[in-house]
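Down below is the structure, laid out as structure tokens.
Please treat every number below as a calculation from the coordinates, not as lab data. The model shown is predicted, which means the values in this text are computed figures rather than measured ones. Here Cβ is always computed from backbone atoms with ideal geometry, including for glycine, and neighbour counts include all displayed protein chains.
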Amino acid sequence: MRFVAVVNVLSRVLLLFAASMMLPWGISFLLADGAERAFGWSLAGTLGAAVLLWLATLRERRELQVRDGFLLVALVWTVLPAFATLPLLFSIAGLSFTDAYFEAVSGLTASGATVLAGLDQLPPSLNLWRGLMIWLGGMGVIVLAVSPETASK
């Protein structure tokens, strides 16, 4: 039953992640850079998955223990990049899932490594998305570093 509680928290993380896709989606519409559909479909898919997971685990809300946190971190670091790949896959022709997943993981871990060439040729909203992933990853590392559980050890 603890797994269900962890998935409930994961669903809320996915909801926040879907919300983060709204900024580049709006910029894409504003600039008409051609990535509007990519962000629209990505936002819809991420939001849909988050809502389905949340509804499926709605009744299971309990306080997580430290070992539940390990599972949550592992799920977040594998599931979030899978959803972060969607705008890249839907807008960059010929990009493989592996390359898009690498790009997302490198962004969300704040390493900034890239497999993409010609970044100045990408739509501005995609470059914003790449930068936003790096920012979110950096904020995650900061939160982890200053969390009370980590600071006391």
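With θ taken as phi - 60° and the Karplus curve 6.51 cos²θ - 1.76 cosθ + 1.60 applied, the whole-hertz 3J(HN,Hα) list for segment 101-109 is 5, 4, 4, 5, 5, 5, x, 6, 9 Hz, x standing for glycine and proline. Quick check: from the Cα gyration tensor, does segment 41-153 come out rounded (a/c under 1.5), prolate or oblate? Judged from the Cα gyration tensor, segment 41-153 comes out oblate (a/c at least 1.5, b/c at or above a/b).
Quick one: compute the contact order of the chain, relative version, from alpha carbon pairs under 8 angstrom and 6+ residues apart, as a percent.
Numbers: 159 pairs, mean separation 39.6, N = 153.
Taking the mean separation of contacting Cα pairs over the length of the chain, I get 26 percent.
Distance from the C-alpha centroid of segment 51-69 to that of segment 16-49: 26 Å, rounded to the whole angstrom. Across segment 20-32, rounded Karplus estimates of 3J(HN,Hα) from the backbone phi angles (6.51 cos²θ - 1.76 cosθ + 1.60, θ = phi - 60°) give 5, 6, 5, 5, x, 5, x, 5, 4, 5, 4, 8, 6 Hz, Gly and Pro being marked x. Length gained on full extension, R37 to L95: 19.2 nm, using 0.36 nm per residue less the C-alpha separation. For segment 96-139, backbone nitrogen atoms closer than 20 Å to the point 7 Å from T78 Cα along Cα-to-C-beta are found at 97-110. Shape call for segment 44-97 from the C-alpha gyration tensor, a ≥ b ≥ c root eigenvalues: rounded (a/c under 1.5), prolate (a/b greater than b/c) or oblate? It comes out oblate by the Cα gyration axes. Dipole magnitude for segment 1-152: about 480 debye, using +1 per Lys or Arg Cβ and -1 per Asp or Glu Cβ, origin at the Cα centre. Please name whichever of S91, A38, V76 sits farthest to the positive end of the charge dipole of the chain, dipole taken about the Cα centre and charges placed at Cβ: Lys and Arg +1, Asp and Glu -1. Farthest towards the positive pole: V76.
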